[in-house]
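Enquirer: Submitted below is the structure of interest, expressed as structure tokens.
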Amino acid sequence: MPQPGVVPFFWQDKQGQFRGIYADTLRLIAQRLQLELEFIPLSQARLLRQFEAGEIDLEAGVVPDTSGMGASASRLRQESLFSRPFGIVNEVIIYRPELSFPVFILRDLKGKRVATVRGTQVPNTLIREDFANQWQIAQRVHRGWNEIGLMTEAVALYYQRSQNLEYQISLPYASNPVSFRLHRNQQQWLPQLNQVIAQLEQEGKLEQMVCKYLCGTGPIAQ
């Protein structure tokens, strides 16, 4: 799991337990396949290096077309197999309630100063102001230090509800299916992994897992 975590997808609580949509989904899958899991928290850079070396078998919540698959990552590409999607990550714009213009698509933000997570890809028509994580962006827009920020929808909703933050959330401007990245030396598990994901989807378990973390209004212990 990448470290630091991202609530509500994955994080390590004060007791050292791994929690979140991705962690619980993996536990469901491992139970069906009768496998034991070992969660290993690593920085994203170390995670990719160790995955490439075959020291990590699986990474959760990967967008196959973009996650660590740049032109310089040919070895990583060769070692990566991807499961069928198990969820969707929506990208949204958060903004101060008093803004009068309709902020729903990135074209509306041309020439405006926008809070973004360092390293993410955004149009060069924006005036980006980079921060370490989405929590910083949510706080800054809430406090009025930034008028506009870019976040994932689930994270924006979680912070808005659990921390009573005041900002508006746009309709998604992009939606990306997320998968599990499986190392090629574990390729024998890919058909079974895909079968279990399909079963959980048909049973409504994947939707229930998302709702467990996003449908309530109370804070999630961290």
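Enquirer: Students often check this: by mean Cβ neighbours within 10 Å, which of 33-40, 178-185 ranks highest, and how do the rest follow?
Expert: Working: 33-40: 10.5, 178-185: 19.8.
In decreasing order of mean packing, 33-40, 178-185 become 178-185, 33-40.
Enquirer: Another question about this same structure. Can you give the Kirkwood hydrodynamic radius of the stretch 90-174 from its Cα pairs, in Å with one decimal? Working shown, then result.
Expert: On the way: mean 1/r = 0.0803 Å⁻¹.
Evaluated over the stretch 90-174, this radius sits at 12.5 Å.
Enquirer: Rounded to whole Hz and in sequence order, give me ³J(HN,Hα) for the stretch 30-36 from the Karplus expression 6.51 cos²θ - 1.76 cosθ + 1.60, θ = phi - 60°, writing x for Gly and Pro.
Expert: Those phi angles translate into 4, 5, 5, 8, 6, 10, 9 Hz.
Enquirer: By how many nm would the segment from GLN15 to ARG84 grow when fully extended, if each residue of separation counts as 0.36 nm and the alpha-carbon distance is taken off? Walk me through the numbers before you get to the answer.
Expert: Details: separation 69, 0.36 × 69 = 24.84 nm, distance 3.22 nm.
Difference between extended and current length: 21.6 nm.
Enquirer: Tell me which aspartates and glutamates have Cα within less than 18 Å of LYS110's Cα, excluding those fewer than 8 residues away on the same chain?
Expert: Within reach: GLU91, GLU129, ASP130, GLU147.
Enquirer: Another question, then. Among the lysines, which fall within straight-line cross-link reach of LYS212, defined as a Cα-Cα distance under 20 Å, with same-chain neighbours fewer than 8 residues apart omitted?
Expert: Excluding near neighbours in sequence, the set is LYS14.
Enquirer: Moving on. Could you give the radius of gyration (one decimal) and Dmax (whole number) of the Cα atoms in the chain, in Å?
Expert: 18.1, 54
Enquirer: Moving to a separate point now. Given a Förster distance of 30 Å, report the FRET efficiency between PHE39 and ALA174 from their Cβ-Cβ distance, rounded to the nearest 0.05. Numbers along the way, then the final one.
Expert: Numbers: r = 28 Å, r/R0 = 0.94.
The calculated FRET efficiency here is 0.60.
Enquirer: In nm, what is the difference between 0.36 nm times the number of residues separating ARG113 and GLU203 and their Cα-Cα distance? List each step's numbers first, then the result.
Expert: Values: separation 90, 0.36 × 90 = 32.40 nm, distance 4.37 nm.
Fully extending the segment from ARG113 to GLU203 adds 28.0 nm.
Enquirer: Okay, next question. Can you give me the pair-distance distribution of the stretch 139-189, C-alpha pairs, 5 Å bins, whole percents?
Expert: Binned Cα distances yield the sequence 4, 16, 22, 16, 10, 8, 9, 7, 6, 3, 0.
Enquirer: May I ask you to list the trypsin sites (Lys or Arg not before Pro) in the stretch 7-45 that are in a DSSP loop and have at most 15 other Cβ atoms within 10 Å of their Cβ?
Expert: Sites meeting the loop and neighbour criteria: LYS14.
Readers should treat all values here as calculations from the given coordinates under stated rules, not as data from a laboratory. Every value quoted in this text rests on a predicted model; they were computed, and no experiment measured them. In this analysis, Cβ positions are derived from the backbone assuming ideal geometry, glycine residues included, and neighbour counts consider all displayed protein chains.
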